[in-house]
Amino acid sequence: MVVLDIVLVPDEVLHTKAKPVTDFGPKLQQLIDDMVETMRDAPGVGLAGPQVDQLLRVIVVEFGDEEDEEIPPTLYTLVNPEISKMSKETVFGFEGCLSIPDLLGNVERAESVTIKAQDRHGKVVKIKASGWLARIFQHEIDHTNGILFTDRTDEVYELEEILAAQERAEAGGAIDEIDQPPLSV
Ligand code: NI
C-alpha cells in the first residue's frame, strides 16, 4: 500500500464531478487500498477519489462508535455511493477537510442518511448512518460531486481560532461551545 499525495485547494480537480466506477479490477482494488493507507496516514476519518487526483466515485471512511471508544472503528470502502434518503432534521457541526488545511466550517447537514453504494467488488450495499458518521458520508459524497464544505457555509474559521476558543472554554469551566473534536475528511 502506498500513501498518495492529497490534492489541496485551489486545485480544480476538487471542483470536478467524478465518474462512476464500472471496472472493479485490480486497479480499483489498489486505489482503494492506497486511499485507506493515505487516510490513516493523514490522519483523517474519510477520503474521496478526487482528493487523490482520481476522478472516480470512490470513498473510504473509518470512524468509531461515538458512545464507546473501546469499540474499534469500522472501515467503509464504498464505490458509486449516493444518498438515497436523508432526514429532514438537520444539525450543525464543525468539519475540516484534508484538502483544505487549517480551516474549519460550521456546516448544516442532515442528521441521518441512507447510503446506497457498491462494495469494492461491486455488490450493492445499503448503509444507514446518523450523527457524525452521517456527516462524514455527506462530506465524502460531496467530494465525488466536486463540492467542498466551503461551498456549503460562510462560517469558516481558522483551526487555531477554534482550538483557542475551546481552550478558553475549558479553562473557564464553561460549558464547551464546541463539544466535538473537529473532523478531518
Ligand atoms: Ni474533505
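Nothing in this text is a laboratory measurement; each read-out follows from the coordinates by a stated rule. Everything numeric in this text was worked out from a predicted model, so none of it was measured. We place every Cβ from the backbone using ideal geometry, glycine too, and count neighbours over all the protein chains shown.
Annotation: the antiparallel percentage among DSSP beta bridges lying fully within segment 12-170 is about 95. Each residue of segment 50-59 was assigned a 3J(HN,Hα) from its phi angle through the Karplus curve 6.51 cos²θ - 1.76 cosθ + 1.60 (θ = phi - 60°); the sequence is x, 6, 10, 6, 10, 7, 10, 7, 9, 10 Hz, with glycine and proline shown as x. The longest part of the chain holding none of the exposed loop trypsin sites (Lys or Arg not before Pro), meaning those outside H, G, I, E and B in DSSP with at most 14 other Cβ atoms within 10 Å, is 18-87. Just need the relative contact order of the chain here, percent rounded to a whole number, with Cα pairs under 8 Å and 6+ apart. Reported as a whole number, the value is 24 percent. Placing +1 on the Cβ of every Lys and Arg and -1 on the Cβ of every Asp and Glu, with nothing else charged, gives the chain a dipole about its Cα centre of roughly 1340 debye. Counted by Cβ distance under 11 Å from ILE115, the other residues give a net charge of +2, where Lys and Arg count +1 and Asp and Glu count -1. One compactness figure for the chain is 1.02, namely its Cα radius of gyration divided by 2.2 N^0.38 Å.
Within segment 53-118, the GluC sites (Glu not before Pro) that combine a DSSP coil assignment with at most 11 other C-beta atoms in a 10 angstrom radius are GLU67, GLU69, GLU70, GLU89.
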